[in-house]
Amino acid sequence: MQLDMITIIGLGAVLIMLINLFQVLRLKSQISGGVVGKSWNVMILLVVLFAAGYMILPFLATMPVETLRIIVSLILFFGAIYVLVTIRLIYGIIRELSA
């Protein structure tokens, strides 16, 4: 593995995603369930998928272009789902606090 700027940024992204994963797992015990709990389970799954995806960054240079395109498309797709879940989670929290 060549240690260049792209690799350093990629390793930083992996480290941040592992910290994020630790945080969402730690916060899970503080969530009782309901709408927030269901959304949180999906959030955990998506963070796990992103962390796994980020861990393949060092191997991207050896992959064929078509495989890279599929991986990028999947990352963008699950990123869109992550944003959707986050917005719905925040909406659910606001709704529960307003009631």
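Starting with the highest mean, order 36-45, 68-77, 11-20 by the number of other Cβ atoms within 10 Å, averaged over the residues of each peptide.
Numbers: 36-45: 16.7, 68-77: 11.8, 11-20: 14.2.
The densest-packed peptide leads the list: 36-45, 11-20, 68-77.
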Farthest toward the dipole's positive end in the chain, which of Val36, Leu21, Leu49, given Cβ charges of +1 (Lys, Arg) and -1 (Asp, Glu) about the Cα centre? Val36
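Determine, from the Cβ-Cβ distance of Ile44 and Glu66 and an R0 of 35 Å, the FRET efficiency 1/(1 + (r/R0)^6), rounded to the nearest 0.05.
Values: r = 31 Å, r/R0 = 0.87.
Rounded to the nearest 0.05, the efficiency is 0.70.
What percent do you get for the relative contact order of the chain when only Cα pairs under 8 Å and 6+ apart count? Each step should come with its number before you reach the end.
Numbers: 46 pairs, mean separation 36.2, N = 99.
Relative contact order here is 37 percent.
Name the shape class, rounded, prolate or oblate, that the alpha-carbon gyration tensor gives for region 19-78, where a ≥ b ≥ c are the square roots of its eigenvalues, rounded holds for a/c under 1.5, and otherwise prolate holds if a/b is larger than b/c and oblate otherwise. Don't jump to the answer; show the numbers that get you there.
Numbers: a/c = 6.34, a/b = 2.38, b/c = 2.66.
Oblate, since a/c reaches 1.5 and b/c is not below a/b.
Read-outs: derived from the displayed coordinates by stated rules, not from any lab. Being a predicted model, the structure only gives us computed values, none of them experimental. Glycine gets a Cβ as well: all are built from the backbone with ideal geometry, and neighbour counts include every protein chain shown.
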